[in-house]
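The values are calculated or read from the model by the stated rules, or taken from the named source; none is laboratory data. No experiment lies behind these values; they were computed from the predicted model shown. Cβ placement follows ideal geometry from the backbone for every residue including glycine, while neighbour counts extend to all protein chains displayed.
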Amino acid sequence: MSFPPEELLPATRRALLHRLAVGQAEGRTPSLVGAVIRGGHPVWSDGRSMIDDHRPDGNVQYRIGSLTKTFVAVMVMRLREEGLLELTDPLERHLPGTPVGRLTIAQLLSHTSGLASETPGPWWERTPGALRPGLADVLGEQPMRHPAGSRYHYSNPGYALLGALVERLRKEPWGDALRREVLEPLGLTRTTLSPRAPHAGGFAVHPWADVMLPEPLEDTGVMAPAGQLWSTAADLSRWAAFLAGGDERVLGPAGVAELRRPVAPPEGPEWTSSYGLGLDLRRQDGRALFGHTGSMPGFLAALWVSEEDDLAAVVLANATSGTPTSVIAADLIRIVAEHEPRLPEPWRPLPEADPELVALTGPWYWGPSAHLLRLRADRALELAPMGALGRGSRFRAEADGTWTGLDGYYAGETLRVVRSADGTASHLDIGSFVLTRSPYDPGAPIPGGVNPSGWQPS
């Protein structure tokens, strides 16, 4: 049974509010709202604004910009789970008639398609979608900027194509499918394509004077899957919990985990960011984060999850620029992690254990390299090097008596226990690598054989 986490300590709550207040003041932001999620449950939310005695709460809508892409990515993954497409499929197979049909769905999801970052003019975020009625209008005559698959290049039109893909396969507007398949099951009742009161107005703040300008609010039409949605801190807290752990009604844990695996190649020797399938991946303050940021005229948004800390944070602002919502959200996670570090789960013995599997545990050797095999819950195995070097992986038990690697070098590879005639374990076979109970065991089928003179002092 899962229990909500304990309420944050007063000192922690004060530190969180202080970070939010500094962000609103230094960012010169009309309003700012933030939330923290721990263990899948909201544990803190607060807001600051330019109006005395007013704090926007978790029910106020803000435009979330490119956070919309995370919702579109989940819709595409649902189609994959149902067998309606494969991520390696060319777009043309499911959405014929575009000039970029050879691009794969995975390339569009991960921004490795080589498509242009933006549409041909005018600036799509501040003009009516009616100016770009079809997909050809958002791609232009020369939509490619790089060879497909060669590098990461963020593309808003790429997500317009994915939204159109969802519409074609679902035979209904993508927003309708999103509401029915994702928003309603997760209880995201305040996440909508158009604003619903109470909602914030979007403003640009003059860079050199404390004055504001209202930003236009436009329906972006076919570009909507790139950044149209409005949401609240409360709804996005639920969305963060979903992205962290999944929900079988929408997309299970394995599906959401696939979203955050790096696909786009990082750039530079000291890389701090990459991209998965619709999720942004960051390293900040020594912490691995996944989520997304968003911006539209008058609005900024950020959602980050730290899997290791079991924490997530959301920050929403109604300013075009100036407020580092991404940094503030990461700081909210850091503050809680430092003030109230995650308590480890209590150690508990396995509810049951097969004696044959228990007998497999302990040291195994790949040649002279020592590894330790441990038994985990659900007959899972975990192999780890005993020294500084070596290859390790977690393995999932399969119905046929083998195990499949889940991560590391052996991800996707098969582990088999090979037994002698008397039933004892002779060796482990992992993708043709032989692991034995002693280094280069002469009684095991070591590829290339073992020198009959054995180990020598010199």
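Quick notes on this one:
- Restricting Trp239, Trp271 to residues that are out of contact with any Ser or Thr (no Cβ under 7 Å at 6 or more places or on another chain), hydrophobic (A, V, I, L, M, F, W, C) and at pLDDT 95 or above narrows the list to Trp239.
- Condition check for Ala130: out of contact with any Leu (no Cβ under 8 Å at 6 or more places or on another chain), among the aliphatic types (A, V, I, L, M) and surrounded by fewer than 19 Cβ atoms within 10 Å (Cβ to Cβ): yes
- Conditions (1) part of a loop (DSSP other than H, G, I, E, B); (2) modelled with pLDDT of 95 or more; (3) farther than 29 Å from Glu26 by Cβ; number of the one not met by Pro195: (3)
- All told, Val222 meets the bar of being within 20 Å of Trp123 (Cα to Cα) and part of a helix (DSSP H, G or I).
- Subset of the range 320-341 (residues that are touching a Phe, Trp or Tyr at 6+ places or on another chain (Cβ under 8 Å) and outside any helix (DSSP H, G or I)): Thr320
- In the range 87-102, the residues that are among the charged types (D, E, K, R) reach residues that are buried (at least 18 other Cβ atoms within 10 Å of the Cβ) with C-beta atoms within less than 6 angstrom, at least six apart or across chains, in these pairs: Asp89/Ile105.
- Evaluation of Trp271 against (1) of a type in the set (Phe, Trp, Tyr); (2) touching a residue at least 40 places away in the same chain (Cβ under 8 Å); (3) surrounded by fewer than 20 Cβ atoms within 10 Å (Cβ to Cβ) (one fails), failing number: (2)
- Criterion applied to Gly114, Gly202, Gly140 was being touching a Pro at 6+ places or on another chain (Cβ under 9 Å), under 19 Å from Gly65 (Cβ atoms) and assigned by TED's automatic domain parsing to the domain that holds Val74, and the one residue passing it is Gly202.
Yes/no matrix, rows are residues, columns are (1) at pLDDT 95 or above; (2) of a type outside the set (Phe, Trp, Tyr); (3) not in a loop (DSSP other than H, G, I, E, B):
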position	(1), (2), (3)
Phe290	yes, no, yes
Thr293	yes, yes, yes
Ala312	yes, yes, yes
Leu343	no, yes, no
Trp347	no, no, no
Glu352	no, yes, no
Leu383	yes, yes, yes
Gly390	no, yes, no
